Structures are given as C-alpha cells and as structure tokens.
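Dropping a structure here in structure tokens format, bear with me for questions.
The values are calculated or read from the model by the stated rules, or taken from the named source; none is laboratory data. Predicted, not measured: the structure shown is a model, and the values here were computed from it. Virtual Cβ from ideal backbone geometry, glycine too; neighbours counted across all protein chains shown. Side chains included, ligands, DNA and RNA excluded: accessible areas come from the protein's heavy atoms. Shrake-Rupley method; radii C 1.70, N 1.55, O 1.52, S 1.80 Å.
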Amino acid sequence: MNEAPELVWVVFFPFLWIAGWITASIIYRRIHDKPIFPRTPESALFVERAASGVNDSHWLSRIGHANRCLIVAVTGHELVVTPFFPFNLMFLPEIYGLEIRVPVSRIRRVGEWSGILRDFIVVEFDDGRSFRLVLRNPRAFRKALGRP
C-alpha cells in the first residue's frame, strides 16, 4: 500500500520538472522585459517568420540550431532575432544565444556561407560575434540592412 504514492511521484516528477522550468523561464522573461509572445516591430523594413539560424559565437551556442522557429526583423536602426512562442521558453534563447537585438551600425559584415544542405547568410558584428541565418528572401534582408 505504501508503494503507490511513490509510483505517483515517479510518474509525475518529469512533468513537474518541465512545468517548473517553464514557469521559471516565464518569470525570468518578465523580470528582464522580454516578451512571452514576441511580435515584430511595427516599423520593420524586413520581417521573416519561421527562419532558421545559429549563433556562431561560442561552442555551446553552435549546438543550438534553431530550425524554422525564429522571427527575423530589420528596422531602420536595429536587427532583431528572437524565437517565437513556445521556443522562447525553458531558457533556450539564453543558453544557445538565439535572441539578439543589435543596432545596424554595429554590423560589420553580411556575407554568405554554403553548408552541406543549406546556404546561410552570415551576419558579423563589430564585437566579434556572428550569427548564421537561413532566410527565404536573403536579398530583401540585405536591402533592409543597406547591404546589397
């Protein structure tokens, strides 16, 4: 009779653990003024939903390839890349560096990189970081950045 309550904890513990991580990440996002449901900036010159990408700045971030779960937007002064809900939860953007807001003036170079299966747009920043993006319309992205 005593074994049944232990079995309940074994069954429900993974769900409680995941719910705890989701709750903690929501609290973290609220504290740091990060949206739970990201929206595209109203003044965006370029917007692409369901883009793919990877942050090339660190070995851990290279593991976290985002496949068709990024919103990429370019305003007149800023590049914004963020995962959409629910991929922005459980600290995934923080662990893998998938959320960036960078002034366009800090972009050093926009280039191309051919992988085995995909072609990437590589955005290099003046602090040495870089981000690879897979976009359906790379020409419009470059035009919005002012880099044809």
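May I ask you to list the residues in the range 107-120 that are open to solvent by 60 Å² or more (accessible area, probe 1.4 Å) and either of a type in the set (S, T, N, Q) or assigned to a strand (DSSP E or B) (or both)? So that I can check it myself, show each step before the final result.
At the first step, the residues of the range 107-120 found to be open to solvent by 60 Å² or more (accessible area, probe 1.4 Å) are 108-109, 112-114, 116-119.
Selection gives R108, R109, E112, W113, S114, D119.
So, one more: Within the range 84-106, identify whether any single residue is crowded, with 17+ Cβ neighbours inside 10 Å, of a type in the set (G, A, S), under 18 Å from the mean Cα position of the chain (by Cα) and not in a strand (DSSP E or B), and answer yes or no.
There is at least one residue in the range 84-106 that is crowded, with 17+ Cβ neighbours inside 10 Å, of a type in the set (G, A, S), under 18 Å from the mean Cα position of the chain (by Cα) and not in a strand (DSSP E or B).
Hey, any hits in the range 44-61 for a residue that's open to solvent by less than 60 Å² (accessible area, probe 1.4 Å), out of contact with any Leu (no Cβ under 7 Å at 6 or more places or on another chain) and farther than 20 Å from G97 by Cβ?
Checked the range 44-61: at least one residue is open to solvent by less than 60 Å² (accessible area, probe 1.4 Å), out of contact with any Leu (no Cβ under 7 Å at 6 or more places or on another chain) and farther than 20 Å from G97 by Cβ.
Among (1) surrounded by fewer than 16 Cβ atoms within 10 Å (Cβ to Cβ); (2) over 30 Å from W17 (Cα atoms); (3) within 16 Å of the chain's Cα centre (by Cα), there is one condition V80 misses while meeting the rest; what is its number?
(1)
Now for a separate question. I'd like the residue in the range 38-81 that is touching a strand residue (DSSP E or B) at 6+ places or on another chain (Cβ under 8 Å), assigned to a loop (DSSP other than H, G, I, E, B) and of a type in the set (S, T, Y) and, out of all such residues, is nearest to N137 (Cα to Cα).
Our first condition is that a residue be touching a strand residue (DSSP E or B) at 6+ places or on another chain (Cβ under 8 Å); within the range 38-81, this holds for 38, 40-41, 44-57, 61-62, 64-74, 77-81.
This time we only want the ones that are assigned to a loop (DSSP other than H, G, I, E, B), so: 38, 40-41, 44-45, 56-57, 64-65, 77.
Add one more test, that the residue is of a type in the set (S, T, Y), and what stays is 40, 57.
Numbers: T40: 17, S57: 24 Å.
That would be T40.
Taking the range 121-148 as the search range and keeping residues that are in a loop (DSSP other than H, G, I, E, B) and under 14 Å from A51 (Cα atoms), which one is most open to solvent (accessible area, probe 1.4 Å)?
Here is the first cut: in the range 121-148, the residues in a loop (DSSP other than H, G, I, E, B) are 126-129, 135-137, 146-148.
Now restrict to residues that are under 14 Å from A51 (Cα atoms): 135-137.
Numbers: L135: 23, R136: 168, N137: 75 Å².
Applying the filter and picking the extreme gives R136.
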